Amino acid sequence: MKTKLLIPLFLGLGLVSSCAEMDPHPMNMDLAVQRAETKDDHEALAKHYEEAAKDMQEKAREHAELLNHYQAKSYKYGRQAQDLKAHCQRLVDAYEKAAEENLEMARMHRQM
């Protein structure tokens with residue numbers, strides 16, 4: 001009886017852990033910023049922030065395309081259309097803001 005309960009428990013745990021978000025930054029940004037002393041260190045940080053901004057801009061573009069789709073074909077989604085459009089608009093705004101902030105950080109590190 002206990003075995004029958006453990007199998008679904010472990011399968012569920014495996015499913016949940018496989019969906020866990022990976023670390024969005026491959027390096028420890030706090031530590032990298034604190035240790036940045038040379039021009040090359042700051043240049044590397046600027047490049048990292050520019051890459052992050054590029055990723056955010058790409059995600060904003062993808063969600064803007066989805067938003068356009070939901071606006072053009074809202075009749076396909078019924079009552080959910082408004083929620084889907086609002087969700088995409090919030091994501092577009094958030095990704096664009098994140099891209100701007102990353103570009104600002106890159107600019108600041110280039111000035112150091």
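Quick note: the coordinates plus some simple rules give every number you see, no bench work behind them. Given the structure is predicted, the values throughout are model-derived calculations rather than measurements.
May I ask for the Rg/Rh ratio of region 34-112, computed from Cα atoms with Rh as the Kirkwood radius, given to two decimals? Before the final figure, lay out each step's value.
Details: Rg = 17.4 Å, Rh = 14.0 Å.
A ratio of 1.24.
With contacts taken as Cα pairs under 8 Å at a separation of at least 6 residues, region 51-112 carries a relative contact order of 49 percent. Taking 17 Å as the straight-line reach from the Cα of LYS73, the aspartates and glutamates in range (excluding those fewer than 8 positions away in the same chain) are GLU62, GLU65, ASP83.
Quick one: of LYS54/LYS97; LYS54/LYS76; LYS76/LYS97; LYS39/LYS59, which pairs are farther than 20 Å apart, Cα to Cα?
From LYS54/LYS97; LYS54/LYS76; LYS76/LYS97; LYS39/LYS59, over 20 Å: LYS54/LYS76; LYS76/LYS97; LYS39/LYS59.
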